[in-house]
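Each remark here refers to the structure printed beneath this line.
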């Protein structure tokens, strides 16, 4: 499969997964709520970690499969831009605690997830 097509298709599936998670977790809110973005980003980080660490050790992924899953799906499933937007909007609306907490929790939790995945597969 062409690498560009693999990334395109994987990104589409990842974006749909992100939309689904956000829709299920934030459809009842009318204001900024980063819960869906946080869940999507952590799940994407978990999938990315398993793909990169587990399959690197056990059975390397082919170029097009890796492009589809890692770059495409995980890239579409996670969203740094929405995370940044939601954090800034919380701060702009004087929800300083929640804005800063969102930044710290998102970054720290993603790093912790990758750390434990790397330990689990080795």
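Before moving on, here are some points about what is shown:
- Pairwise FRET efficiency - residue 121 versus residue 1, Cβ, R0 = 25 Å, nearest 0.05: 0.45
- Structure-based [θ]222 nm, the chain - -39500 (n - 2.57) summed over DSSP H runs of at least 4, per residue, nearest 500: -22500 deg cm²/dmol
- The chain: angle of helix 96-121 to the longest principal axis, Cα-based, in degrees nearest 10: 20 degrees
- Folded to 0 to 90 degrees: helix 3-26 orientation relative to the chain principal axis, Cα: 30 degrees
- Crossing angle, helix 80-92 versus the chain [Cα axis fit, 0-90 degrees, rounded to tens]: 10 degrees
- Between residue 107 and residue 54, residue separation times 0.36 nm minus the direct Cα-Cα distance comes to 16.9 nm.
- Additional length obtainable on full extension of the chain from residue 94 to residue 61, 0.36 nm per residue less Cα span: 7.3 nm
- Set against the labelled values [x] 15.7, 49; [y] 14.1, 41; [z] 25.3, 88, Rg and Dmax of the Cα atoms in Å computed from this structure falls on [x].
- Relative contact order (%) - criterion: Cα under 8 Å, at least six apart; region: the stretch 3-121: 39 percent
Computed from the coordinates by the stated procedures, all read-outs in this text should not be read as laboratory data. Quick caveat: nothing in here was measured; it's all calculated off a predicted structure. Methodologically, a virtual Cβ is constructed for each residue, glycine included, from the backbone with ideal geometry; neighbour enumeration extends over all protein chains shown.
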